[in-house]
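The values are calculated or read from the model by the stated rules, or taken from the named source; none is laboratory data. What you are looking at is a predicted structure, and each value in this text was computed from that prediction instead of being measured. Virtual Cβ from ideal backbone geometry, glycine too; neighbours counted across all protein chains shown.
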Amino acid sequence: MKALILVAHGSRRKVSNIEVIQIATRLAGQVQDNYEHVGHAFLELASPSIPEAIEDAIINGAEEVVILPYFLSAGRHVHEDVPEFVSQKQREHPTIKITLAPYLGGSGEIIKLLASISSQH
């Protein structure tokens, strides 16, 4: 089984965390041909944590886990924190393929999205 985990920062505002969960749910409907499981995780301030979400996917049969960082810029979280969690879980589960997808802001598609949104106003 292949799993995708959408990773966001996490917020003290519960409604912000719920928004991330809703995005992951909607994403699942769009990527169901490639991923049997789509989950979510938070870097801090909410749960599940990144290690918890990865572990949950593995416990539920994932042989491959892709981490998709829902971050707009390449700060410390994108370059250090999230990759460290991925590396830690990869060391714990050497037979499971755990990869890190490009972060949202690093995608070439973000410019198209911004242009589309701005042209609507």
Q: Quickly run through the range 81-117 and pick out the residues that are modelled with pLDDT of 95 or more, assigned to a helix (DSSP H, G or I) and surrounded by fewer than 13 Cβ atoms within 10 Å (Cβ to Cβ).
A: GLU84, SER87, ARG91
Q. Going through the range 97-109 one residue at a time, which ones are more than 19 Å from ASP81 (Cβ to Cβ) and in contact (Cβ under 8 Å) with a residue 12 or more places away in the chain?
A. LYS97
Q: Name the single residue, out of those in the range 38-64 being β-branched (Val, Ile, Thr) and touching a residue at least 24 places away in the same chain (Cβ under 8 Å), that is surrounded by the fewest Cβ atoms within 10 Å (Cβ to Cβ).
A: ILE58
Q) If we keep just the residues of the range 16-30 that are β-branched (Val, Ile, Thr) and within 13 Å of the chain's Cα centre (by Cα), which is surrounded by the most Cβ atoms within 10 Å (Cβ to Cβ)? A) VAL20
(Q) Considering only residues that are within 15 Å of TYR70 (Cα to Cα), in a loop (DSSP other than H, G, I, E, B) and charged (D, E, K, R), which ones fall in the range 1-55? (A) GLU44
